[in-house]
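The block underneath contains the structure these notes are about, expressed in structure tokens.
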Amino acid sequence: PWRLALLFLSPVRLLAGSWQPSFSTTCAKWSQNRRLRQKRVISERKLTRYFVDHRKVRVVGGRGGEGGCSFYSEPRKIFGGPSGGNGGDGGHIILKADQQMKSLSSVLPFYQGFHGEKGGSKNCYGANGAYMYIKVPLGTVVKEDGKVVADLSQHGEEYVAAYGGAGGKGNRFFLSNENRAPTLFTPGEPGQERVLHLELKTTAHAGLVGFPNAGKSSLLRAISRAKPAVAAYPFTTLNPHVGVVHYQDYEQVAVADIPGLIKGAHQNRGLGMAFLRHIERCHFLLYVVDLSVSQPWIQLQDLKYELEQYKKGLSERPCVVIGNKIDLAQSRINLPLLKEQIDIRVIALSALTGDNLEELLLHLRELYDAYVKTEQSRGQSPVKW
């Protein structure tokens with residue numbers, strides 16, 4: 001008995017000099033004070049594997065179940081007649097927009113729908129195949145043979161990518177006065193097969209547009225928590241990044257960092273049209289100009305020309321010019337010259353030192369409020385983050 005008592009008392013801390021606990025009592029306390037492990041920083045080269053803005057998908061709907069062939073028979077009703085039920089319909093494949101998804105990397109290249117079940121005896125129908133949902137980000141454009149067939153821009157919006165086949169007919173369906181004992185039944189129809197091209201157009205409120213090494217990624221780092229790669233060589237940013245600017249009234253403005261454009265981008269030069277389509281969804285533009293180069297207003301002219309050649313009217317959206325690198329001596333000389341050449345508001349700042357970022361954040365909120373009022377006057381709901 002005294003050994004059993006020791007077993008029950010062993011996990012309990014007794015008085016000084018008595019038994020010690022057989023388990024650690026400090027794990028829970030120290031685990032609360034332990035700092036959370038930070039996520040490993042992913043380089044821009046590896047990040048391109050996770051961010052996918054184009055995907056070719058082959059979808060095949062589920063096959064319908066074949067009809068049943070049976071005859072009903074029970075005591076006192078030996079010749080009950082045909083009782084084969086119809087087969088179940090095949091399942092559809094549906095694309096569904098989800099605001100939690102930010103890339104097409106999770107979309108597989110092939111999807112096969114669920115098949116319908118075979119029709120049973122006693123006039124029992126086969127079960128229909130379950131629907132298969134494929135989650136895609138907001139702003140996904142679905143194309144087939146070069147034509148746009150769907151534009152999923154709202155949360156929860158759905159598009160049937162492939163219909164399932166109809167179920168076959170059982171022998172009960174072929175009962176007639178001329179044929180009282182049919183043995184004919186039909187197989188299920190195959191599902192619809194399609195090859196679709198999914199293109200992601202980033203849905204953001206504002207878009208940072210500029211030439212390589214203008215400081216767009218550094219600016220996005222300064223005003224949001226996004227961490228795009230920053231380096232002293234062109235084309236550091238290989239894929240778009242979206243940063244969210246938070247305000248005190250809990251409004252959130254999404255700013256997209258578009259990879260740098262070059263002359264002839266509308267002709268698919270450089271990164272080309274692969275990233276020009278991300279600017280289409282931006283409701284207002286932030287032109288980032290490097291003030292340290294000679295004649296910085298030529299950069300603005302070239303950027304507007306490329307946008308206009310890609311899509312007419314794209315350069316006429318509400319915008320502001322951001323003169324970056326004001327901390328350099330040459331930039332202070334070029335700033336008054338830039339203001340004389342253009343009639344658009346110019347905000348001079350330094351993304352490196354953080355000078356004059358407050359003016360940009362205040363004007364960014366003004367552009368956002370104007371966009372919200374415009375959408376509400378049209379009876380549409382503005383994009384929220």
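The values are calculated or read from the model by the stated rules, or taken from the named source; none is laboratory data. Being a predicted model, the structure only gives us computed values, none of them experimental. Every residue, glycine as well, gets a Cβ built from its backbone with ideal geometry; the counts of neighbours run over all protein chains shown. Ligands, DNA and RNA are excluded from the accessible area calculation, which covers all protein heavy atoms including side chains. Shrake-Rupley method; radii C 1.70, N 1.55, O 1.52, S 1.80 Å.
Points worth noting:
- The order of the peptides 90-99, 135-144, 211-220, 75-84 by mean Cβ neighbours within 10 Å, most packed first, is 211-220, 90-99, 135-144, 75-84.
- Links that overshoot a 19 Å alpha carbon limit, given the list 312/373; 96/118; 56/135; 339/373: 312/373; 96/118; 339/373
- Largest to smallest accessible area among 194, 225 [probe 1.4 Å]: 225, 194
- Antiparallel DSSP beta bridges within the range 52-195, as percent of all bridges there, nearest 5: 65
- Distances between placed amide hydrogens fall under 5 Å for residue 84 paired with 70, 123, 171, 172, all partners being 5 or more residues away or on another chain.
- For the range 338-382, trypsin sites (Lys or Arg not before Pro) meeting the loop criterion (DSSP other than H, G, I, E, B) and having at most 13 other Cβ atoms within 10 Å: 345, 378.
- Rounded to whole numbers, the Karplus 3J(HN,Hα) couplings from phi for the range 90-95 are x, x, 7, 10, 10, 8 Hz, using 6.51 cos²θ - 1.76 cosθ + 1.60 with θ = phi - 60°, and x at Gly and Pro.
- By the rule of a C-alpha distance below 18 Å, with chain neighbours fewer than 8 residues away ignored, the aspartates and glutamates paired with residue 325 are 257, 290, 355, 358, 359.
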